[in-house]
Amino acid sequence: VSLKTKGKGGKGSKGSDEKSTTQCLKEWSTWAMKKAKVVTHYGFIPLVIIIGMNSEPKPQLYQLLSPV
């Protein structure tokens with residue numbers, strides 16, 4: 001990951017540091033959202049099954065997966 005910024009600004013300028021921090025934060029949040037999307041996508045159905053199996057009355061797995 002490159003933290004170089006484009007634009008006018010000399011070495012050590014405050015604007016350059018702020019832009020690189022902002023860019024880093026933006027990249028990190030994008031990465032985190034992509035990972036959260038994958039975890040949610042593949043984890044939702046197993047979570048529903050686990051919650052369903054721990055409820056009362058205790059159903060069998062085939063009862064949770066059958067449409068009726």
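Relative to the present Cα-Cα distance, how much length would full extension add between Gln23 and Leu65 at 0.36 nm per residue of separation?
In short, 10.6 nm is gained.
Taking the Cβ of Tyr42 as the centre, find all other residues whose Cβ is under 14 Å away and add up their charges (Lys, Arg: +1; Asp, Glu: -1).
So the surrounding residues net to +3.
Compute, for Ser29, the solvent-accessible surface of its heavy atoms (probe 1.4 Å) with the complete set of protein chains present, and express it in square angstrom to the nearest 10.
Per-residue accessible area (Ser29): approximately 50 Å².
Whole-Hz Karplus ³J(HN,Hα) for region 62-68, in order, using 6.51 cos²θ - 1.76 cosθ + 1.60 and θ = phi - 60°, x for Gly and Pro?
Running phi through 6.51 cos²θ - 1.76 cosθ + 1.60 with θ = phi - 60° gives 5, 5, 6, 8, 7, x, 9 Hz.
Give the share of C-alpha pairs in each 5 angstrom bin for region 20-62, from 0 to the last occupied bin, in whole percents, shortest bins first.
5, 19, 16, 12, 11, 10, 8, 8, 5, 4, 2, 0
The values are calculated or read from the model by the stated rules, or taken from the named source; none is laboratory data. Keep in mind that this is a model prediction, so the values were computed, not measured. We place every Cβ from the backbone using ideal geometry, glycine too, and count neighbours over all the protein chains shown. The area values use the complete protein model at the heavy-atom level, side chains included, leaving out ligands, DNA and RNA. Shrake-Rupley method; radii C 1.70, N 1.55, O 1.52, S 1.80 Å.
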